[in-house]
Amino acid sequence: MISSKQRAYLRGLANDYPVIMQIGKSGVGENLLRTFSDALEARELIKIHILENSGEEPKAAANRLAELLSADVVAVTGRKIVLYRASQKKPVIELPS
């Protein structure tokens, strides 16, 4: 679990990050989860856009994804979600204490 100070730091970093994936009408399947997990391992911080036709509420989807991916929800702004998970192999982002 990350602290509010760490969450604020990660939100600041995420401002410059592009949206790298979208959740569409087919929802979240095994392949998409694997792709999210690989992206988190490589980048540690990812931004996801939930399309209107997905039928998913952004906050509920963020919490579900965080649970499935063992990640932390950094922010939910509109239909965009920011997730963080420290890399097991090569951590890049150093969180403030």
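The values are calculated or read from the model by the stated rules, or taken from the named source; none is laboratory data. Keep in mind the model is a prediction, meaning the values are calculated, not measured. Neighbour counts run over all protein chains shown; Cβ positions are idealised from the backbone, glycine included.
If you check Lys59 against the conditions, is it basic (Lys, Arg), loosely packed, with under 13 Cβ neighbours inside 10 Å and part of a helix (DSSP H, G or I)?
yes
Yes/no per residue for (1) of a type in the set (Ser, Thr, Tyr); (2) on the phi > 0 side of the Ramachandran plot; (3) at pLDDT below 95; (4) over 10 Å from the mean Cα position of the chain (by Cα):
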{"residue": "Tyr17", "(1), (2), (3), (4)": "yes, no, yes, yes"}
{"residue": "Gly27", "(1), (2), (3), (4)": "no, yes, yes, yes"}
{"residue": "Glu52", "(1), (2), (3), (4)": "no, no, yes, yes"}
{"residue": "Gly55", "(1), (2), (3), (4)": "no, yes, yes, yes"}
{"residue": "Glu67", "(1), (2), (3), (4)": "no, no, no, yes"}
{"residue": "Lys80", "(1), (2), (3), (4)": "no, no, no, no"}
{"residue": "Val92", "(1), (2), (3), (4)": "no, no, yes, yes"}
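Give the residue, chosen from Leu83, Leu95, that is out of contact with any Cys (no Cβ under 7 Å at 6 or more places or on another chain) and either aromatic (Phe, Trp, Tyr) or in a strand (DSSP E or B) (or both).
After applying the criteria, what remains is Leu83.
Tyr84 passes all but one of (1) within 16 Å of Ala39 (Cα to Cα); (2) free of Cβ contacts under 8 Å to residues at least 60 places away in the same chain; which number fails?
Status for Tyr84: all satisfied but (2).
Could you go through region 9-31 and let me know if any residue there is surrounded by 13 or more Cβ atoms within 10 Å (Cβ to Cβ), without any contact (Cβ under 8 Å) to a residue 24 or more places away in the chain and of a type outside the set (Lys, Arg).
no
If Ala75 passes every condition in (1) without any contact (Cβ under 8 Å) to a residue 60 or more places away in the chain; (2) within 11 Å of the chain's Cα centre (by Cα) but one, which one does it miss?
With respect to (1) without any contact (Cβ under 8 Å) to a residue 60 or more places away in the chain; (2) within 11 Å of the chain's Cα centre (by Cα), Ala75 is out only on (1).
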